[in-house]
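See below for the structure under consideration.
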Amino acid sequence: MVTEFGDALDGKVIIDITNPVSPDLTGLVTPHGSSGAQEIAKAAPAGAHVVKAFNTLFGPVLARSGRLDAFIAADDPKAKARVSTFLESLGLRPFDVGGLHMASTLESLGLMLIGLAKNGAGTFDIALNVDDG
């Protein structure tokens, strides 16, 4: 999909919001040792900057007001700063979890939250928050 846009993505920040889970929700469908975000980065032009964000925030929780923490991972500091500013403009609190290699951890966290929503909490109106207080 990314390759279809070719050079139009050069120099752009691409926010990967996906949770690349299997249809039966038993695991991730990414190659071992990689993530959806890293696969997007491989397919994108060299000048594009992929940032993993939003995948741990579900629609119902975004629809209500309140403090929400948004976890981000990326290799480019400027792209992280731009996405952090965007998140703040939406009333979210960005938390940098590291380089793009951490996207696989965020995707596993997304899968865990889906499991919690379906099996434990019984709702997708859930979110993880950092208690720094």
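The values are calculated or read from the model by the stated rules, or taken from the named source; none is laboratory data. Computed from a predicted structure; not experimentally measured. Cβ placement follows ideal geometry from the backbone for every residue including glycine, while neighbour counts extend to all protein chains displayed.
Considering the conditions (1) of a type in the set (Gly, Ala, Ser); (2) more than 24 Å from residue 112 (Cα to Cα); (3) surrounded by 11 or more Cβ atoms within 10 Å (Cβ to Cβ), residue 8 is excluded by exactly one of them, (3).
Taken over segment 21-43, the residue count meeting the criterion of being surrounded by fewer than 19 Cβ atoms within 10 Å (Cβ to Cβ), in a loop (DSSP other than H, G, I, E, B) and touching a strand residue (DSSP E or B) at 6+ places or on another chain (Cβ under 8 Å) is 3.
Which residue, of 65, 35, is in contact with a helix residue (DSSP H, G or I) (Cβ under 9 Å, 6 or more places away or on another chain) and either under 25 Å from residue 116 (Cα atoms) or modelled with pLDDT under 95 (or both)?
35
Report yes if residue 130 is in contact (Cβ under 8 Å) with a residue 60 or more places away in the chain, loosely packed, with under 13 Cβ neighbours inside 10 Å and among the aliphatic types (A, V, I, L, M), otherwise no. For residue 130, the condition - in contact (Cβ under 8 Å) with a residue 60 or more places away in the chain, loosely packed, with under 13 Cβ neighbours inside 10 Å and among the aliphatic types (A, V, I, L, M) - is met.
What residue, of 46, 8, is in a loop (DSSP other than H, G, I, E, B) and either of a type in the set (S, T, N, Q) or out of contact with any helix residue (DSSP H, G or I) (no Cβ under 7 Å at 6 or more places or on another chain) (or both)?
46
Here residue 51 clears all of (1) assigned to a helix (DSSP H, G or I); (2) buried (at least 21 other Cβ atoms within 10 Å of the Cβ); (3) touching a helix residue (DSSP H, G or I) at 6+ places or on another chain (Cβ under 9 Å) except the condition numbered (1). The set of residues in segment 22-75 being of a type in the set (D, E, K, R) and within 27 Å of residue 10 (Cα to Cα) consists of 39, 42, 52, 75.
Would you say residue 105 is more than 13 Å from the chain's Cα centre (by Cα), part of a helix (DSSP H, G or I), under 23 Å from residue 127 (Cα atoms) and polar (S, T, N, Q)? No. Applying the condition of being closer than 17 Å to residue 25 by Cβ and charged (D, E, K, R) to segment 73-122 and asking which residue is modelled with the lowest pLDDT yields 118.
Which condition breaks for residue 60 when tested against (1) modelled with pLDDT under 95; (2) assigned to a loop (DSSP other than H, G, I, E, B); (3) not aliphatic (A, V, I, L, M)? Only one criterion in (1) modelled with pLDDT under 95; (2) assigned to a loop (DSSP other than H, G, I, E, B); (3) not aliphatic (A, V, I, L, M) is unmet by residue 60, namely (2). Please find, within segment 63-102, the residue that is nearest to the chain's Cα centre (by Cα) out of those that are among the hydroxyl-bearing types (Ser, Thr, Tyr) and part of a helix (DSSP H, G or I). Going through the qualifying residues, I end up with 84.
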